Amino acid sequence: MISISEVQETIRMISEANLDVRTITMGISLLDCADDNYETFCRKIYDKITLKAEHLSRIGDDISKEYGVPVVNKRISVTPIAIAASGCRCEDYVEVARTLDRAAVATGVNFIGGFSALVHKGITPEDRKLLDSIPPALAGTERVCSSVNVASTRSGINMNAVNIVARLVKDTAMMTAAADSIGCAKFVVFCNAVDDNPFMAGAFHGIGEGDCAINVGVSGPGVVKRAIESTRGADFETLCETVKRTAFKITRVGQLVAQEASRRLNVPFGAIDLSLAPTPAIGDSIAEILQEMGLEQPGAPGTTAAIAILNDNVKKGGVMASSYVGGLSGAFIPVSEDRGMIEAVKLGALTLEKLEAMTCVCSVGIDMAAIPGDTPVETLAGIILDEMAIGMINNKTTAVRIIPVIGKGVGEMAEFGGLLGAAPIMSVNPFSCADFVKRGGRIPAPIHSFRN
Amino acid sequence: MKGIVTVLGKDSVGIIAKICLYLSERNTNVLDIAQTIVGGYFNMMMVVDLSGASEPLASMAVGLETLGRDIGVVVKLQHEDIFNAMHRI
């Protein structure tokens with residue numbers, strides 16, 4: 001029998017510490033929509049998405065009401081469009097993006113991911129069409145998210161692709177300059193992208209997946225922060241144990257919601273993503289966890305170790321709580337979406353270089369960092385390349401979602417609104433890497449990728 | 001299917017009575033009650049049987065929340081599985 005104190009603990013986590021299920025994401029394969037007629041293809045994908053996800057929003061809301069836990073987002077990921085649409089006779093894929101946007105509106109989801117290409121080794125003509133369509137697609141739609149995988153541990157880094165996406169980031173920023181270059185907030189560059197990521201903007205439905213799957217992203221930085229308040233001054237064993245126990249409890253809620261959503265939608269359960277994801281709300285911040293651990297500000301010496309401890313123990317606790325763990329499963333440190341990170345940047349405590357260091361020990365990448373709009377494309381390519389190298393060598397997923405805010409400089413703020421928050425413009429190392437990145441070609445796979 | 005009703009707030013006359021009336025009107029049986037009052041604050045948990053309930057859980061949860069607001073306490077109804085999932089392996 002559940003005790004009154006256990007019941008109150010759960011209720012406090014939800015009402016006082018922002019425990020929620022961050023997203024139920026339905027992955028939908030579009031491979032069976034292939035058609036050489038562009039219009040027919042668009043009609044088929046619209047029909048399939050709206051049919052499969054017809055009840056997604058309603059069921060997410062029902063579960064939320066019945067269990068009393070917020071299910072914040074309902075989202076859709078689809079097969080990378082560069083693959084799904086590769087049979088179409090067309091000039092570009094912008095109309096596909098518009099179709100995805102309409103399908104998102106029709107199903108009531110706030111984001112749809114998968115306007116994507118996997119080009120870590122080579123770029124097909126269809127991939128190239130997709131890449132070239134990204135800036136107008138992101139500028140012309142509201143809910144479509146795009147990602148490009150440019151590197152992997154198994155195949156190395158496609159430097160030509162890195163240079164292309166750096167240019168795409170800049171072009172997208174230009175095309176959405178009136179809204180603080182918000183288009184870039186919907187675009188992620190990956191190394192070792194995963195097939196079952198439920199989190200935006202990098203979600204797509206991998207080609208090894210089934211026809212349809214439910215992936216769930218749990219969250220609860222506030223709950224972790226609240227829990228470790230009781231460990232002030234205690235040693236690392238106590239700290240780690242507390243994070244582990246808390247992660248277990250949070251993940252059990254995610255597992256329950258995932259199974260229930262899967263059953264009600266009659267769609268197989270894919271995986272739970274064990275990522276702590278902040279929001280701009282007070283008390284829902286990764287930075288506050290780092291402060292509670294004992295750092296004056298994120299970015300102070302010790303920050304990399306703190307994020308390593310946090311990640312590792314979230315996984316240790318979470319893995320046991322779920323039957324399938326997948327997705328990105330690493331702490332997110334999106335600067336603009338985390339009140340504490342924004343403050344740390346404003347104070348000069350947190351720099352782009354320190355963010356990069358944090359990504360070495362498992363946070364997922366440089367995320368929602370705003371930089372000056374006049375940053376050269378070659379420097380953007382260098383920033384992306386460094387992050388890809390970390391992912392490639394460490395056999396982990398890394399990502400870059402960076403926003404060169406056109407017309408703004410260091411110290412100014414970029415305002416994105418809603419869940420995307422606001423970001424202070426960070427300074428970028430002014431020295432050039434142009435001759436380095438212009439070499440192009442492919443960086444060969446690292447020696448430890450040869451495991452066979 | 002069982003639900004857990006929790007009530008938190010300042011103690012006053014008739015809290016349990018009003019909640020039980022709401023439940024009985026919807027054919028919901030109370031299986032167990034635990035409560036504490038600390039410093040005038042009322043903290044109660046009820047285990048209720050929803051298998052014969054005449055209204056879906058989600059709408060009863062909304063109804064109880066509204067009732068709670070009227071009598072000045074916070075009332076929640078949740079499926080018991082969320083607590084079992086979190087606290088029992």
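The values are calculated or read from the model by the stated rules, or taken from the named source; none is laboratory data. These figures come from a predicted structure and were not determined experimentally. Cβ sites come from the backbone with ideal geometry, for glycine too, and all protein chains shown count toward neighbours.
Just one of (1) more than 14 Å from every other protein chain (Cβ to nearest Cβ); (2) out of contact with any strand residue (DSSP E or B) (no Cβ under 6 Å at 6 or more places or on another chain); (3) closer than 19 Å to residue A:284 by Cα fails for residue A:219. It is (2). Please determine, by comparing only the residues of the stretch A:65-75 that are buried (at least 19 other Cβ atoms within 10 Å of the Cβ) and within 14 Å of chain B (Cβ to nearest Cβ), which one is farthest from the chain's Cα centre (by Cα). Within the stretch A:65-75, the match that is farthest from the chain's Cα centre (by Cα) is A:66.
Condition check: under 20 Å from the mean Cα position of the chain (by Cα) and on the phi < 0 side of the Ramachandran plot. Does residue A:143 satisfy that? Against the criterion (under 20 Å from the mean Cα position of the chain (by Cα) and on the phi < 0 side of the Ramachandran plot), residue A:143 qualifies. Residue pairs whose Cβ atoms lie under 9 Å apart, separated by 6 or more positions or on different chains, with the first residue in the stretch A:345-371 and in the same structural domain as residue A:413 (by TED's automatic domain parsing) and the second among the basic types (Lys, Arg) and part of a strand (DSSP E or B), are A:365/A:401; A:366/A:401; A:367/A:401; A:368/A:401; A:369/A:401.
Residue check: residue B:81 meets all listed conditions (1) touching a helix residue (DSSP H, G or I) at 6+ places or on another chain (Cβ under 9 Å); (2) acidic (Asp, Glu); (3) more than 24 Å from residue A:321 (Cβ to Cβ) but one, namely (3). Where strands (runs of 3 or more DSSP E) fall wholly inside the stretch A:393-433, the ranges with 2 or more residues that are at pLDDT 95 or above, surrounded by 22 or more Cβ atoms within 10 Å (Cβ to Cβ) and touching a helix residue (DSSP H, G or I) at 6+ places or on another chain (Cβ under 6 Å) are A:398-405.
Conditions tested, residue by residue: (1) more than 21 Å from the chain's Cα centre (by Cα); (2) crowded, with 24+ Cβ neighbours inside 10 Å; (3) at pLDDT 95 or above.
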residue	(1), (2), (3)
A:211	yes, no, yes
A:218	no, yes, no
A:222	no, yes, no
A:225	yes, yes, no
A:233	yes, no, no
A:238	yes, no, yes
A:247	no, yes, no
A:251	no, yes, no
A:254	no, yes, no
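The residues of the stretch A:1-37 that are part of a helix (DSSP H, G or I), surrounded by fewer than 23 Cβ atoms within 10 Å (Cβ to Cβ) and either charged (D, E, K, R) or in contact (Cβ under 8 Å) with a residue 60 or more places away in the chain (or both), listed by number, are A:6, A:9, A:12, A:31, A:32.
Residues in the stretch A:230-249: is at least one within 23 Å of residue A:27 (Cα to Cα) and of a type in the set (A, V, I, L, M, F, W, C)? Let's see the steps before the verdict.
Applying the first criterion (within 23 Å of residue A:27 (Cα to Cα)) to the stretch A:230-249 yields none.
No, because not a single residue in the stretch A:230-249 is within 23 Å of residue A:27 (Cα to Cα) and of a type in the set (A, V, I, L, M, F, W, C).
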